[in-house]
Amino acid sequence: PTPDHSNEDRSPEESYPTKSDIKRLRDEVVETQPKAKGLFDTVWNDDYLKIVMTRKRKNKTRSFEYSVYKLRKAVEYRGKYEIDKLYSKEGDNLEMPSSISEACVCGSLYWRDFDIEGRPILWVRNSRKNWRTLDVDLQRRLHIWMIEWGLHHIPEGHNQFVIVAGASVIGLPI
């Protein structure tokens, strides 16, 4: 499907999405997922929503309805894994909970440096994991926490980060 571009207040030279398209997206998501309001006030800014709304797959721009669906599913996912409970409500205190920090001892996942465009880099070193004793749930929580930390620390003017995954010496134990 193609995006819903029917918006009467759009001038011919305006491109999709306009501010009114973004407002409509926010309103439709919040209608069924009220918790999304907090995300729109923090990490889901207009620049990020433009990326969500204009993402292409097989040379087709994602439809407006699909953008709404994806954001609603993201809010559901955040609720399922209680992501909001990972952080202090006081400012940007993003200290890693001790229940997750035990998964960091191998140094397989960490933030370091920025790419040439100023985006933060999340390094993934799977070869450092002990695959024989891996706790999948703990790893999931670690990944969620690290990505959330990154989202809260993306520099002003950016809305993306880079993931670099080392694929050398990866092999599952036999």
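Bear in mind that the values in this text are calculations on the coordinates, not laboratory data. Since the model is a prediction, treat every value here as computed from it, not as a measurement. No Cβ is skipped: glycine too gets one built from the backbone with ideal geometry, and neighbour counts run over all protein chains shown.
What shape does segment 124-168 have by the C-alpha gyration tensor, where a ≥ b ≥ c are the square roots of the eigenvalues, rounded means a/c under 1.5, and otherwise prolate means a/b greater than b/c and oblate the rest?
Oblate shape, in that a/c is at least 1.5 and b/c is the bigger or equal ratio.
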Query raised in the report: Over all directions, what mean area does the Cα convex hull of segment 104-148 project, stated in square nanometres?
Result: 3.5 nm²
Query raised in the report: In cubic angstrom, how much convex hull volume per residue do the alpha carbon atoms of segment 35-84 span?
Result: 77 Å³
Requested in this report: Subtracting the Cα-Cα distance from 0.36 nm times the residue separation, let me have the gained length for Leu138 to Asn126 in nm, one decimal.
Outcome: 2.9 nm
Query - Rg(Cα)/(2.2 N^0.38 Å) for segment 26-165, N = residue count - result: 1.14
Report task. Give me the distance in nm between label points sitting 7 Å out from Cα along the Cα-to-Cβ direction at Trp111 and Ser98, one decimal. Result -> 2.3 nm
